[in-house]
C-alpha cells in the first residue's frame, strides 16, 4: 500500500493545527512519515494530552495520608487498612456512545475495568453516570436502550457488580449523550503494578486479544465536535468482547503472581502508541517494536493502522525474561495471545519497524512530554440574575410532577439490567444513594457514589463544583461511610470558547476547594471536552465519583423508616429555590443561582451523622428535590407513608445544602437532639413516618398511587 | 463431604458457589474446564453462573462439549449429584442431563432482581428442606432464562413431579413458570435463580442457605 503524502488536508484530518504541525517539524527536523503523523496525532489530541485542561488539573488537591497513588497512573489508589488498597477511576466514553450506543457504552466499561486490573487489582464494583437528551427527542429512546444494554452487556459478562450510578435527561444532551463509567478494584497494598518500564533490552510483550482495524483514530474523533457527518464516524468506534476481557483479567491476576511483570499498561485510547510511549517515558527508556510480531486478526494491516488501532482487551507488558516460560504458560492456559513484539532500548527513541522497514523513528521523551499545553482564554461565568418570584403550588401536585420525570422517577428499569450481586459481597445495591460492597472475607466495606447537578454548575461553576463533591460526601456519609477520595470526570463543551473554558476553570476551583475542606483528594480522573453538536454545548457536567470506608459493617446505616418513626432534619433550611428541581420540572424554568455550599457546615453535619450512626435507623442526604423528595424516597422504599408538617414550597422543595433526613424512634430522636446541641448542629423534627399516605401540610395522596406512578415512568418512556 | 466447582472460561459465579458450599461445610475443589476427571470422592458437582465461552453460539452449548462436562455426565450417570445455577443450568440442558432449553427472556432484556419462588417438589435433597408449597425469595440475574420444552417433554416433567421451583411472578416467559428442574432420579438440579446469592444476612436474604446445608447433611450421611 502506498502511503498518502503529507498535505495540509491530511494534517487537518488528524486534528492537528498548523501551529502544532510546525512544532512537529521543529522536533524531528524533517517531514514526518504517515505513521509518525498518526502517532503525533494520537499523542497530542485533547483526549490523550489534556492540553487544554492540564494547567487547571494541576491545581487540584491530590495528596493525603490515605493516598497511595494519585493521578498519572491508570487509576488512583487509596489505603483501606489491613494492607489492602482500593484502586479506582471514572472515565467517559461519550462520543463513541452517541455514535454506536451499545458498543460505545460497552467498551467504556471495558476500558475502565482494564485501567483497574492493569494495576493488579481485581475489580469489585462498577457504577455509571449517564446523561441523555430530553425524552421527546427522537434519538433518546434508542440511546437509552442501547447504552444501558451495552453497560450491562459488558459488566454482566465480565462479572463485576454494578452498585450505583446516575441517570439524567436534559435538552442540552440531545446531540451529545454522556457515558461516564466508574470501576473500583481491590489489591494488596504491596502488590500494585505500575507502568514505568525498567531495564534495557527487556522484552516488550503483547497480551490479550488480536489487533484489528477497529477504533483507528478513535481518540482523535473523541476530541472533535460533532456535526452532521457523524454517521461516517461509526468505524472509529471499537467493538468489545467482555469474554476476552474476563479471561485477560484472570490471566493478568495469575501473571502478576509469577513475578514476571516489570511493568504493565493497558492499551486504551490510541492503543499500542500510547501504551508503549507511556511505559518508555516513565522508565526513561526507548522502545523498539517489530510490528510483524503483533497478533492481528485482519490481513495486510499497515504500521499506521496497527499503531492507532483501538482494538479492545489488549495489554502491553515489560517482561522479566527469566520468567518468560511461566508467563507464557498462563496465557496459553487462558487461550490468549502472548507475543514478544519488541524490547526496551537505551536510547531516547520510539522505533517502529515492519518487516525490517522503519516506519517511525521519533524521540520518545519529546513525543511523550512535548504535547502542547494551552492556557486557553476564559471568562468567569457571570453572576446569575435575580430570580423571578416562585408562585406557591400544592406541594403534593409538585411532588407528583417531580416523580413523573425520568430525572426523579425510580430507576429500577435501568439497574435491573445490570448484575448487582455477582461476587456475593453487595451489601447495598443501586437505588439508595451509595452502593456498598463488602471487602471479601472481612466485616469491612467500601461505599461508592457518583454525583453532580449540572444545572448548578452552569449557573455557578464554582458553587456547582463544590456541590458535586459535597453531595458525594453526604451520600457516603448517609451510609455511615467515611469519605476517602474522589475521581473526577470533567465533561464540558468546546474549550476554545472562553465562556466554556470559564465553566471548566470555575468548576475546578469549586471541586478543589471542596476536596480540601472535606479531605477527599482527587486521585484519578478524566477530561472530556468538545461535547458539542453544531455549536450547542452540553450542560457542564463534572461528574464526581467518590469512595468511602466502612471500617466495621456493624456501623452501616441501611435501615428503613417504620410506622411511628420520627422524621428529623439535620442542617439549616433557608428555602433556596434557584436552579431547583421544582423550578425545572414543575415550572419549566432554570433561573436563579445555584445553592451556596458551606463546606464547614458540610463537615460538621457529616461528622455528626457518622458519629451518631448508632441512633440512626435510616438516613438520606437532601439533594435536588429537597426535603419533599428525600422524605418520599425514604418512605416509598420502605412501603410506609410519611407526613411532613410544612406546606410551603420553600421548606419542602428548597435545595439548601449540608442537610440529611433521618428516620428513627422517638427515644433515639431524643438522643440525637441532645448530641446535636452539643455538636452545634441544627436538628429539628419535621414530621413522622406511618400510615398509607404522603401528606405535606394539609395536602395528601395515597402512597400506593404515587408509588405506581414513580415506578412506571421508565417502562412507559423507554419500553 | 466434597464438592467440585467447575470453572469455564467466562464463569463468574464460581467463587460465589464455592463460598456457599464451604459455608455449608463442604470441602471444595475447584475444577478447570480442560480437566478430564473430577477429583476422587466428589459428592456433588457445581456448575456456576456466568458466561461460559462468552455465551457464543448458544448459552452453555460450547461448555457442554468441554472435557470436564464428559466427566460430569459420567458422574451423573452413576447416580452422582450435580447442581447447575444460571449458566450452569443452561450447560446441563445442553449436555442433555436435564430436559428443555433456556431461551432469551421474553422481555429481551437482562434482568437482575430478587424474585419469589414456590417450592414445587419436596422429594429431592435440594428441595426437601423447604417443604412443598413454601415461598422463598432468591435473586435472578440472566438474559436467557426463558425455559422451554416441547409439549411431550413438559408433560413428562410435570407428571414426574420434576419441577423444583416455580416463579410466583414469571420474569422471563418460562413455560409453566418453571425456575428449576430436576433429573428423573432427582439428583441433578438446574435452576436460573442464584441460591448462592442468598446465604448471608448481608445479602438481604438467606433463603438459599437451606439448600446448601441440606445437601451437606445428606452427603454427610451418605
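Sorting B:199, B:83 from the fewest to the most surrounding beta carbons within 10 angstrom yields B:199, B:83.
As a proxy for reagent exposure, ranking A:434, A:131 by other Cβ atoms within 10 Å from fewest up yields A:131, A:434. For chain A, the longest principal axis of the Cα atoms and the long axis of helix A:666-679 meet at an angle of about 70 degrees. In percent, what relative contact order does region A:311-460 have, based on Cα pairs under 8 Å that are 6 or more apart in sequence? Relative contact order of region A:311-460: 10 percent. When both bridge partners sit in region A:69-217, DSSP labels roughly 75% of those beta bridges antiparallel. Under the Kirkwood approximation applied to all pairs of distinct alpha-carbon atoms, what is the hydrodynamic radius of region A:514-584 in Å? Taking the inverse mean of 1/r over all distinct Cα pairs, region A:514-584 comes out at 17.9 Å.
Helix A:324-333 axis versus longest C-alpha principal axis of chain A: approximately 60°, rounded to the nearest ten.
Please state, as a whole number in µm²/s, the translational diffusion coefficient that the Stokes-Einstein equation yields for chain A at 10 °C and 1.306 mPa s, with Rh defined as the Kirkwood radius across alpha carbon pairs.
Reported coefficient: 61 µm²/s.
Helical content of chain A, expressed as a calculated mean residue ellipticity at 222 nm, amounts to -10500 deg cm²/dmol (DSSP H runs of 4 or more residues, -39,500 (n - 2.57) each, divided by residue number, nearest 500).
For region B:2-221, report the translational diffusion coefficient in µm²/s to the nearest whole number, using Stokes-Einstein at 37 °C, 0.692 mPa s, and a Kirkwood Rh over Cα pairs.
Rounded, D is 196 µm²/s.
Each DSSP beta bridge with both residues in region B:2-221 is either parallel or antiparallel, and the antiparallel ones are about 55%. Projected label points at residue A:82 and residue A:678, each 7 Å from Cα along the beta carbon direction, are separated by 3.0 nanometres.
Report the antiparallel proportion of the DSSP beta bridges in the protein assembly as shown as a percent, rounded to a multiple of 5.
75
Of interest is the spacing of the C-alpha centroids, which for region A:361-408 and region B:1-49 amounts to 50 Å.
Look at where the Cα atoms of region A:237-264 and of region A:83-126 average out, and the two centres are 14 Å apart.
Determine how many Å³ per residue the convex hull of the Cα atoms of region A:583-706 encloses.
108
Helix A:271-282 against the longest principal axis of chain A: what's the angle in degrees, Cα atoms only, rounded to the nearest 10? The angle comes out at about 90 degrees. When peptides A:98-109, A:546-557, A:446-457 are sorted by average Cβ neighbour count within 10 Å, with the highest value leading, the order is A:446-457, A:98-109, A:546-557. Spatial offset of region A:4-39 relative to region A:147-172 amounts to 38 Å, using the alpha carbon center of each.
Each of A:274, A:48, B:13 was scored by other Cβ atoms within 10 Å of its Cβ. Arranged with the fewest first, they read A:48, A:274, B:13.
Computed from the coordinates by the stated procedures, all read-outs in this text should not be read as laboratory data. The structure displayed is predicted, hence computed values, not measured ones. Every residue, glycine as well, gets a Cβ built from its backbone with ideal geometry; the counts of neighbours run over all protein chains shown.
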